[in-house]
Amino acid sequence: MDLPTNLASQLDQVKPDTARRLVVLTFVSITIAVGWIVAVSQVVKGPIAWAPGLAFGALAAISLAMATIQAMTFTQKVVTSEVVKIQDAVGRIPKPAAYHIGCRIGRRRLECGLLEVTAPTQGLPDDIRKVRFHEVEHRNAKQGGFQHAELYEALVDTLMTQIKRADNQRTRIECIGLALPGGVHPERGEFADAVHRVAFKANDKVSIQLANRLRNACDKEVLERVFGAQGSDKLTSIIHLDNDARCAARWLITERAPTWRDFACVFAGQGIGSGLVFDRRTFYGASFRAGEVGHVNLNLGHDLNLNGKDIQPRKCSCGTTGYHFESLASIGGLGHLAGVMGASELKMIRTAYYNEPSRAQKLKVSMFDQADADGIIMLNALEAGSEMSRDDVVAKPEISDYLSRVTEQYAKLFSVGLTALLDALDVNHVALCGTIPEHLQGNRDFTQALREGVARASMSDQPAAFSFGSMRQWGWRGAAMLSRDRGYMARRFPNSLASPTPEEQSDVARQASPTQTEPRGT
């Protein structure tokens, strides 16, 4: 690593010429002032004796002050330039192989796993063969979604399982990464309250609270052995937060390397959001909120064929009532659309779903409201090969026709929102994950209508290739990688030397060369 070894000598060799001239002027002025006072004061008295000397003395003071300012300004520029070089050199030191804990925290469920990067990397691993997965734990909310205390209890419980395993195996953990549904303030380790129906509170100090709870739940010696962090202050610094869709996108940088360079990872479930990657770098935006596509307004006019009925404005998770992509195409949006297109048909499907006790109980503990419950029921009815899709009621011609119409119109809604994102970004690939695409990826009517809708509405001659996957896998893995994402770490610790180079700090995407279409699957 070629770092500057004698910054003082560099500064001394390249002082600005203006400062040099001002220093010379200072010495000349002082010499004239002193000479005048010594020579003339012996002959005359009064202002004639001291006024010229005082004037030259003032000139000397002004020259010295200006020279000092010039030198300080120049020194700051030189030092800043050298610090950038140091940052670049430090940032390019390969990080050693290490273990990482990642957790994906949903509204109803969380996953927590241990990921091992098996080879040194300068940033995110560029080959999936450099990564190994270990034990994964999960917890479900007891009723509906997680409550605040319940979530922290479940999170600490799953983390303690991983910590004890690591301690038993004498494994050192580099960091804990958390994937959250919504916005975060990474530099403060806080939840930003970007969405409703989540267990975190506005400006919840997640990193600090989790560090304190782990300290209370775990022996200090164990924390020291596993994290090298005994006090909660140091433990806080290795707990990192990011949006779940962006975490999923971060993982795909490794999983789909080297063929994917520019892409979007779209999550669709209770909410809709996306993680963006340009030139294999995670894109964060000016205020760390890039990818919030779910709050784009959709107004399709008369394009939807709803037999004279209208979709009503719905309240989005951001708190706004309207026609947001998320409020219309989320699980609750699908349930609302199904009711608008056929209340009697939906009632028949709903009754058949509730006739099965196990399904009814599962729905009871997972629903937020009736539209949300109807959306879950419709996903089960539309999922190819599901138990619900084989029910006699669903097989009736009138119900089958109804499901086809709902599928067509829902795919149209989804494709309009998706096209707005893809046209704005002009990316080569889009990966879909979350409850909705995970249920519908095997439904050929939906996937075909979605692709046709995007192709029809897109301005591009070559629309992005689609791929489907699982947030339950991608989310926690991408969260575990947070400490290896140099763009994130620069936001987490803005004064750290290990920040990106000026080129890497730019969030401007560079055009990637066309790549071959990827087959669907994960």
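Taken over segment 145-166, the residue count meeting the criterion of being of a type outside the set (A, V, I, L, M, F, W, C) and more than 14 Å from residue 103 (Cβ to Cβ) is 6. Of all the residues in segment 255-279, those that are in contact with a Leu (Cβ under 6 Å, 6 or more places away or on another chain) and surrounded by fewer than 24 Cβ atoms within 10 Å (Cβ to Cβ) number 0.
Only helices (runs of 4 or more DSSP H) whose full extent lies in segment 210-271 are considered here, and the ones with at least 3 residues that are within 12 Å of the chain's Cα centre (by Cα) are 244-255. The one condition from (1) of a type outside the set (Asp, Glu); (2) in contact with a Phe, Trp or Tyr (Cβ under 7 Å, 6 or more places away or on another chain); (3) farther than 20 Å from residue 398 by Cβ; (4) surrounded by 22 or more Cβ atoms within 10 Å (Cβ to Cβ) that residue 327 does not meet is (2).
Can you tell me which residue within segment 155-181, out of those that are surrounded by 24 or more Cβ atoms within 10 Å (Cβ to Cβ) and small (Gly, Ala, Ser), is nearest to residue 201 (Cα to Cα)? Taking the candidates together, the pick is 179. Scanning segment 107-135 for residues that are among the aliphatic types (A, V, I, L, M), more than 19 Å from residue 153 (Cβ to Cβ) and surrounded by 16 or more Cβ atoms within 10 Å (Cβ to Cβ) yields 114, 115, 117, 124, 131.
Might you let me know whether segment 188-200 holds any residue that is modelled with pLDDT of 90 or more, crowded, with 22+ Cβ neighbours inside 10 Å, closer than 26 Å to residue 143 by Cβ and in contact with a helix residue (DSSP H, G or I) (Cβ under 9 Å, 6 or more places away or on another chain)? Yes: one or more hits. Kindly indicate whether any position in segment 417-428 is of a type in the set (Gly, Ala, Ser), over 26 Å from residue 144 (Cα atoms), at pLDDT below 90 and surrounded by 20 or more Cβ atoms within 10 Å (Cβ to Cβ). Yes: one or more hits. When residue 119 is tested against the conditions (1) within 22 Å of residue 183 (Cβ to Cβ); (2) part of a loop (DSSP other than H, G, I, E, B); (3) in contact with a helix residue (DSSP H, G or I) (Cβ under 7 Å, 6 or more places away or on another chain), the lone failure is (1).
Residue by residue, here is whether (1) under 30 Å from residue 268 (Cα atoms); (2) at pLDDT 70 or above holds:
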residue: 46; (1), (2): no, no
residue: 62; (1), (2): no, yes
residue: 93; (1), (2): no, yes
residue: 103; (1), (2): yes, yes
residue: 110; (1), (2): yes, yes
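Screening 291, 301, 319, 275 for residues that are assigned by TED's automatic domain parsing to the domain that holds residue 464, closer than 24 Å to residue 126 by Cβ, modelled with pLDDT under 85 and not in a helix (DSSP H, G or I) leaves exactly one candidate, 291. For segment 132-141, the criterion of being over 20 Å from residue 227 (Cα atoms) and part of a loop (DSSP other than H, G, I, E, B) is met by at least one residue.
Condition (residue is in a helix (DSSP H, G or I), touching a residue at least 40 places away in the same chain (Cβ under 8 Å) and either assigned by TED's automatic domain parsing to the domain that holds residue 269 or farther than 18 Å from residue 150 by Cβ (or both)) applied to segment 183-190: is it met by at least one residue? There is no residue in segment 183-190 that is in a helix (DSSP H, G or I), touching a residue at least 40 places away in the same chain (Cβ under 8 Å) and either assigned by TED's automatic domain parsing to the domain that holds residue 269 or farther than 18 Å from residue 150 by Cβ (or both).
The values are calculated or read from the model by the stated rules, or taken from the named source; none is laboratory data. These figures come from a predicted structure and were not determined experimentally. Here Cβ is always computed from backbone atoms with ideal geometry, including for glycine, and neighbour counts include all displayed protein chains.
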